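Worksheet for the structure shown next.
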Amino acid sequence: MEKAMHQSHGCGFAEYERDLDKRLDVEKNRDKEYKKGLEVAADATKNHTP
């Protein structure tokens with residue numbers, strides 16, 4: 001999991017845990033990615049023709 005965290009967010013879990021600014025950046029990015037995923041899913045559902 002440490003490797004995935006570092007690849008996805010540019011920091012390891014220990015740094016994420018102790019650095020509030022880094023944690024806020026990571027969580028903002030996660031939220032942005034989540035919302036983008038919802039938009040992609042909604043678009044795919046809307047444009048899907050059976």
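The values are calculated or read from the model by the stated rules, or taken from the named source; none is laboratory data. Fair warning: this is a prediction, and the values are worked out from it, not measured in the lab. Only protein heavy atoms, including side chains, enter the accessible area calculation; ligands, DNA and RNA are left aside. Shrake-Rupley method; radii C 1.70, N 1.55, O 1.52, S 1.80 Å.
Keeping the other protein chains in place, figure out the carbon and sulfur percent of the accessible area of the chain, with a 1.4 Å probe.
Reported share for carbon and sulfur atoms: 54 percent.
Among (i) 15.1, 50; (ii) 13.7, 48; (iii) 9.7, 31, which one is Rg and Dmax of the Cα atoms in Å computed from these coordinates?
After the calculation, the listed value that fits is (i).
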